[in-house]
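K.L.:
Pasting a structure here, questions to come.
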Amino acid sequence: MAINLDWENLGFSYRNLPFRYIARFKDGKWSAGELTGDNQLHISESSPALHYGQQGFEGLKAYRTKDGSIQLFRPDQNAARLQNTARRLCMAEVPTEMFIDAVKQVVKANEDFVPPYGTGATLYLRPLLIGVGDVIGVKPADEYIFTVFAMPVGSYFKGGLAPSKFVISRDYDRAAPLGTGGAKVGGNYAASLQAEVGAKASGYADAIYLDPSTHTKIEEVGAANFFGITADNEFITPLSPSILPSITKYSLLYLAEHRLGLKAIEGEVYAKDLGKFVEAGACGTAAIISPIGRIDDGEDSYIFHSETEVGPTVKRLYDELVGIQFGDVEAPEGWIVKVD
Ligand SMILES: *Cc1c(COP(=O)(O)O)cnc(C)c1O
């Protein structure tokens, strides 16, 4: 390995790596994508992505295994979700084969930056689809850019498997009932920044959002989905069209049932019933699984297992998921794609 970084203390920050992939959609078709060293995008000042938020993105990781090879975790699911996002925002879709090929090219070209096995660090990939071109009226763009860039990262929430503390946002929603909450778009994040900044200023890892129609049900954490474990060995995660459908969450639903023997349920989770959970966690590609030690909701406070130590079931879920991602535990059919 040619590069020597402080792999164990990477955090989650941008790094300008040697190569990224870029393809352009024009006159109804995608150009042949190519790798470039240029980390600046050259786009029209009137691009709909800039003015009207016509853009979507993805996040996935490349993992170094014990034998030194590199693998991806369910990239077909990221491709399908970006297609869903594209349809919701009237953007050109990126075919699955093109998406996975782009990701593989970027991993291979930046191979020296894929962290060594055993450090817990990974190469984070950020596919991005934006509407560009000379359009100033409100309408979908005719031209699009699809790019994939990468950077080595550690965990997203400081502390890794140490539990974090969250606060329920009662002043702001991240999405509307029939809005774009289920699509991975920047607009949802723009709408959440005030709540997040406020939560962090008050010492929390992030805000937790409620359902935007009734403000009684847990939806999700800023960039991660919520799950809780009951004393009866149920794994429960909220179901709502305004939650971003996390690939990690659907993977955990499967593993909870088929590998850990829990009862896996996607259903309603009322904020006032949070006390029924003996353990809780936030899950996503960037967060992996971050144990939730405590949730504050106005005057109410809920503690899950412990504020300082991960609970046994969350730990088992973490070991199973991360074991599969790094190639130490056998994966369900089709979950792992080798980069060779
Ligand atoms: C990306 C994202 C997640 C996590 O999804 P994964 O597919 O597990 O990475 C959760 N919530 C929001 C709002 C997201 O944007």
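K.L.:
Given (1) closer than 14 Å to residue 282 by Cβ; (2) polar (S, T, N, Q); (3) more than 12 Å from the ligand (Cβ to nearest atom); (4) assigned to a strand (DSSP E or B), identify the lone condition not met by residue 225.
P.N.:
(3)
K.L.:
Hey, another quick one. Condition (residue is more than 13 Å from the ligand (Cβ to nearest atom) and in a strand (DSSP E or B)) applied to segment 198-211: is it met by at least one residue?
P.N.:
Yes.
K.L.:
With (1) farther than 19 Å from residue 80 by Cβ; (2) at pLDDT 95 or above as the list, and residue 221 as the residue in question, which single condition is left unmet?
P.N.:
It is condition (2) that residue 221 fails.
K.L.:
Restricting to segment 199-251, name every residue that is of a type in the set (A, V, I, L, M, F, W, C) and touching a helix residue (DSSP H, G or I) at 6+ places or on another chain (Cβ under 7 Å).
P.N.:
207, 210, 218, 227, 229, 235, 247
K.L.:
Please tell me if residue 122 is under 19 Å from residue 327 (Cα atoms), under 19 Å from the mean Cα position of the chain (by Cα) and within 16 Å of the ligand (Cβ to nearest atom).
P.N.:
So residue 122 fits the description; yes.
K.L.:
Okay, next question. Residues of segment 100-148 being basic (Lys, Arg) and either surrounded by fewer than 18 Cβ atoms within 10 Å (Cβ to Cβ) or without any contact (Cβ under 8 Å) to a residue 60 or more places away in the chain (or both), which ones? Break it down stepwise before answering.
P.N.:
Keep residues of segment 100-148 that are basic (Lys, Arg), which gives 104, 108, 126, 139.
Scanning segment 100-148 gives 108, 126, 139.
K.L.:
Determine which member of the set 11, 53 is within 16 Å of the ligand (Cβ to nearest atom), of a type outside the set (Phe, Trp, Tyr), on the phi > 0 side of the Ramachandran plot and not in a helix (DSSP H, G or I).
P.N.:
53
K.L.:
Could you list, ordered by first residue, the pairs with Cβ atoms under 8 Å in which the first is in segment 301-322 and more than 15 Å from residue 165 (Cβ to Cβ) and the second is in a helix (DSSP H, G or I), at least 6 apart or interchain?
P.N.:
Every condition considered, the pairs that remain are 317/252; 317/255; 317/256; 320/255; 321/248; 321/251; 321/252; 321/255.
K.L.:
How about segment 265-279: which of its residues are more than 16 Å from the ligand (Cβ to nearest atom) and assigned to a strand (DSSP E or B)?
P.N.:
Residues satisfying the conditions are 265, 267, 270, 277, 278, 279.
K.L.:
From the list 181, 187, pick out the single residue that is within 12 Å of the ligand (Cβ to nearest atom), farther than 17 Å from residue 286 by Cα and assigned to a loop (DSSP other than H, G, I, E, B).
P.N.:
On the way: 187 fails: assigned to a loop (DSSP other than H, G, I, E, B).
Checking each option against the conditions leaves just 181.
K.L.:
Can you work out which of the residues in segment 231-257 that are more than 8 Å from the ligand (Cβ to nearest atom) and among the charged types (D, E, K, R) is farthest from residue 77 (Cα to Cα)?
P.N.:
The qualifying residue farthest from residue 77 (Cα to Cα) is 232.
K.L.:
Give the residue, chosen from 210, 239, 244, 255, that is over 26 Å from residue 171 (Cβ atoms) and either in contact (Cβ under 8 Å) with a residue 12 or more places away in the chain or surrounded by fewer than 24 Cβ atoms within 10 Å (Cβ to Cβ) (or both).
P.N.:
255
K.L.:
Give segment 280-322 a look and list any residue that's part of a strand (DSSP E or B), of a type in the set (Gly, Ala, Ser) and either assigned by TED's automatic domain parsing to the domain that holds residue 11 or more than 16 Å from the ligand (Cβ to nearest atom) (or both), or say none. Full working, then the answer.
P.N.:
Within segment 280-322, the first condition is being part of a strand (DSSP E or B), and the residues that meet it are 280-284, 288-297, 300-303.
Retained after the next criterion (residues that are of a type in the set (Gly, Ala, Ser)): 280-282, 284, 290, 293, 301.
Across segment 280-322, the qualifying residues are 293, 301.
K.L.:
Given the options 58, 93, 97, name the one that is within 23 Å of residue 183 (Cβ to Cβ), touching a Leu at 6+ places or on another chain (Cβ under 6 Å) and in the same structural domain as residue 24 (by TED's automatic domain parsing).
P.N.:
The conditions single out 58.
K.L.:
When you scan segment 238-249, do you find a residue that is more than 17 Å from the chain's Cα centre (by Cα) and not in a loop (DSSP other than H, G, I, E, B), even just one?
P.N.:
Checking segment 238-249: not a single residue is more than 17 Å from the chain's Cα centre (by Cα) and not in a loop (DSSP other than H, G, I, E, B).
K.L.:
Check off (1) of a type in the set (A, V, I, L, M, F, W, C); (2) closer than 30 Å to residue 241 by Cβ; (3) touching a residue at least 40 places away in the same chain (Cβ under 8 Å); (4) in contact with a helix residue (DSSP H, G or I) (Cβ under 8 Å, 6 or more places away or on another chain) for residue 79 and give me the number that stays unchecked.
P.N.:
(3)
The values are calculated or read from the model by the stated rules, or taken from the named source; none is laboratory data. Since we're looking at a predicted model, the values are computed, not measured. When we count neighbours, we look across all protein chains shown, and the Cβ atoms used for this are built from the backbone with ideal geometry, even at glycine.
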